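What follows is a single structure, written as structure tokens, with notes after it.
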Amino acid sequence: MRGSAPWASAASSTVQAGSDLRPLLSLALAQFVVVMNTSVVNIALPSIRLGLGLSPVELTWVINAYVLAFGGLLLAGGRAADVFGRSRVFTVSLAAFGVTSLGAAVAPGAGFLIAFRGLQGIAAAVLSPAALSIALTLYPKGHARSVALAVWGVVSGAGGAAGVIAGGMLTTTFGWRSVFVAALPFVGLSLVMPSSQGTSSTESSDRPTFDVLGAVLVTGALGLLTFSLAGITHHGWLSTRTMGLFVIGALLLVAFVEVERRSMAPLVRLGLFANPSVRFANAAMTLVGGAWLALFFFLPLYQQQVLGYSALRTGLTQLPLAVAIMVASTQVRRITVRLGARTTLVGGLVLLTVGLAGFSRIRVDATFLGHLLGPSLLVGLGLGVAFVELTSLGTHGVAPAESGLASGLVNATRQCGGAMGLALLVSLAASRTGSAAEPGVAALTEGYRTAFLAASVLTGVATLLALRAPRPTALSTSAVDNHEPSQHP
């Protein structure tokens, strides 16, 4: 392939035969750093706020700028790998991720930090699907493919757990800027390690077109909707600004649907939504995503601002939650085969809802063992089950040629639902804090309790939807075995 990296000329025949797993290490490192970059920042949020003097809304955008760009452009990123060549896209996006990480580390103010976080999200949206598509191309079947998918799942879970611990250690020892520098060694290793380009799905003379207009419309729509929700605290629910941004965002979404309907090479083929499993999975994942991102935003703030935990202690106390997610993710297939997909999903969502409701009972004098450990374990188990089951359900009954698109769509709705849910819950928490009778940490605690309660309402609605979810008889075996791994755990 023209333009591939020098190390991309490894013998593809050996790789295709499954006898050489070395290229997988480079790809897995790239996925690891994308996942780690999300959780490593959460622990540093209080330090970032103090260091740059960020307002609560600005602090929200340190997370949302990354998540919105990642989710809004995830489908476009996967398409870019097919259009421009997987090796070239992987190399360029990996290097871009390193450069933007360095930019975030040296950002002099809130605007620069948020901008570089958005650029990080764009790089991640291209890097993650490119790496996965190369892995699935290099190891198309047999034992090598099983190993590749297993490694992908492990590094995704390990990246989240490692980010929690590393975020605490780095912030405590070197300050918040070091959490962004942490990505650079992994980026460097992935760039210099041997890999392979994988072959494009089309010949260079017959490359598919790229839906630039669709990507711009959907990203702009999601950004405006999120921005309108984030401004509710200062401008009110029915203000001209809030309603205006919301209406413009909704109109952009309508335009996106019309463009996709007419496009010869759309980002999302709208016919996918004729499948009831796809419709349900994406609706439920939007709700679960809103609760998921809000949890990992508010919990470190509560632990450090109210309970007085250090960044290191905060990271260590969130480790049981991260481990619970990993354990549940690895056991879902066994449980699903025995109980069925819908029963397993409903059970996971119930655990998640109960755990979030437990966090809504936090106090100013809460203890880890008495108030945080139990809800952490319930939430971790529930998230692990829900993410795997919804991803499986979102790809059930989809033609093999569109399984990657369906999987990417579920991941995109999780990220975008997370961004909009976080914006809404931050506004609710800030309003409750502002109206609390007692100022200081008591008022902060009231705001955090409100946010966790609202998050439990989101997952409660998802649970009610799951009770009426499609019950495909083959899902308990085929979907769990065949679904592609999540781009982001």
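Every number in this text was worked out from the coordinates using simple rules, so none of it is lab data. Please read these numbers as outputs of a predicted model, since none were measured by experiment. All Cβ positions, glycine included, derive from the backbone under ideal geometry; neighbour counts span all protein chains shown.
Couple of notes before you dig in:
- Descending by average beta-carbon neighbour count within 10 Å, the peptides 409-421, 46-58, 345-357 line up as 409-421, 345-357, 46-58, the highest first.
- Overall shape: prolate for segment 46-140, with the ratio a/c of the largest to smallest alpha carbon gyration tensor axis at 1.5 or above and a/b above b/c.
- Each label was represented as a point 7 Å from its Cα along the Cα-to-Cβ direction; for SER310 and VAL364 these points are 2.5 nm apart.
- Taking a ≥ b ≥ c as the square roots of the eigenvalues of the Cα gyration tensor, an a/c ratio of 1.5 or more together with a/b larger than b/c marks segment 380-448 as prolate.
- Radius of gyration and Dmax over the Cα atoms of segment 334-385, both given in Å: 13.0, 43
- With R₀ fixed at 56 Å, the C-beta to C-beta distance from LEU238 to THR173 puts the FRET efficiency at about 0.75.
- Sorting 322-332, 106-116, 72-82 by their mean Cβ neighbour count within 10 Å, with the most densely packed peptide first, gives 72-82, 322-332, 106-116.
- Fully extending the segment from LEU102 to LEU373, taken as 0.36 nm per residue of separation minus the present Cα-Cα distance, adds 94.1 nm.
- Note on LEU213/LEU50: beta-carbon distance plugged into 1/(1 + (r/R0)^6) with R0 of 60 Å gives a FRET efficiency of 0.90.
- Highest mean packing comes first when the peptides 248-257, 451-460, 95-104 are listed by Cβ atoms within 10 Å, giving 451-460, 95-104, 248-257.
- Taking each residue as 0.36 nm, the span from LEU184 to ALA443 lengthens on full extension beyond its C-alpha to C-alpha distance by 89.4 nm.
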